[in-house]
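Undergrad: Just passing along the structure, written as structure tokens.
Each reported figure results from applying straightforward, stated rules to the coordinates on display, with no laboratory input. All figures in this text were calculated on a predicted structure; none of them were measured in a lab. We place every Cβ from the backbone using ideal geometry, glycine too, and count neighbours over all the protein chains shown.
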Amino acid sequence: MMFFLRKLGYDKDIIEEIKKIAQKLDIKTGWFNAIGALKDLEYGFYDQEKKQYKKFLFKNPCEIVSCTGNISLVNNEIFVHAHIAFSDEQGILRGGHLFKGRIFACEVVILPSIDILKREFDEKTGLKLWK
Ligand code: ZN
């Protein structure tokens, strides 16, 4: 099994950094896991009735307890889907779908897949899912 280990850039966005690595390594589909710390982040909860995200901003430093997700294609462009569990300075855990996260320090492992998966709009959920 092949995988890549990378350090992500200070002050950069975690999603953009993973996307850049995938583009550079030509990974069109894969899985990743990251740990580290963020300066702030934007995360969300998908309201299944309204079919839209409720967004939250966390404007304090936090630990990335676990950030996991995948890489696939949307309109032939690399798309990063990530979820995060993070803890605040009291050790209280929060989490959800990750939109943005400003990096303090972050280490990622990326596992490329031999399959190439594409996302398409799904009527039932309102999400772009793997077809
Ligand atoms: Zn999600």
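Undergrad: Using the number of other C-beta atoms within 10 angstrom as an exposure proxy, rank Leu5, Leu129 with the fewest first.
TA: Leu5, Leu129
Undergrad: Using θ = phi - 60° and the Karplus relation 6.51 cos²θ - 1.76 cosθ + 1.60, list the HN-Hα couplings for the stretch 99-105 in order, rounded to whole Hz, with x at every Gly or Pro.
TA: Couplings: 9, 8, x, 7, 6, 9, 7 Hz.
Undergrad: While we're on this one: Using a/c under 1.5 as the rounded threshold, could you call the chain rounded, prolate or oblate? The axes a ≥ b ≥ c are square roots of the C-alpha gyration tensor eigenvalues, and prolate needs a/b larger than b/c, oblate otherwise.
TA: Working: a/c = 2.13, a/b = 1.13, b/c = 1.89.
Taking the square roots of the gyration eigenvalues as a ≥ b ≥ c, the chain is oblate.
Undergrad: Using the count of nearby Cβ atoms within 10 Å as a rough guide to exposure, how do Thr29, Thr125 rank from fewest to most?
TA: Lowest count first: Thr125, Thr29.
Undergrad: Which ³J(HN,Hα) values, rounded to whole Hz and listed in residue order, are derived for the stretch 65-77 from phi using the Karplus coefficients 6.51, -1.76 and 1.60 in 6.51 cos²θ - 1.76 cosθ + 1.60 with θ = phi - 60°, glycine and proline given as x?
TA: Each residue's phi maps through the Karplus curve to give 6, 7, 10, 9, x, 9, 10, 7, 10, 10, 6, 6, 10 Hz.
Undergrad: Now for a separate question. Given the rule -39500 (n - 2.57) for each run of at least 4 DSSP H residues, summed and divided by the residues of the chain, what is its mean residue ellipticity at 222 nm, to the nearest 500 deg cm²/dmol?
TA: Values: 1 runs with 12 residues, N = 131.
Helix contribution divided over all residues of the chain: -3000 deg cm²/dmol.
Undergrad: Report the calculated FRET efficiency for Phe104 and Asn33 (r = Cβ-Cβ distance, R0 = 22 Å), to the nearest 0.05.
TA: After rounding, the FRET efficiency stands at 0.80.
Undergrad: Taking H placed 1.01 Å from N in the peptide plane, check which residues at least 5 places from Leu117 or on another chain put their amide H under 5 Å from its amide H.
TA: Amide H to amide H, under 5 Å and 5 or more residues apart or across chains, Leu117 pairs with Leu73.
Undergrad: For the chain, which longest stretch is free of loop sites, where a loop site is one of the GluC sites (Glu not before Pro) that DSSP puts outside H, G, I, E and B and that has at most 16 other Cβ atoms within 10 Å? Intermediate results must be reported in sequence, preceding the final value.
TA: On the way: sites that count: Glu49, Glu89, Glu123.
Excluding the exposed sites themselves, the longest stretch runs over 1-48.
Undergrad: Then there's this: Work out which chymotrypsin sites (Phe, Trp or Tyr not before Pro) in the chain are exposed loop sites (DSSP not H, G, I, E or B, at most 14 other Cβ within 10 Å) and give the longest gap free of them.
TA: Values: sites that count: Phe3, Tyr10.
In the chain, the maximal stretch lacking such sites is 11-131.
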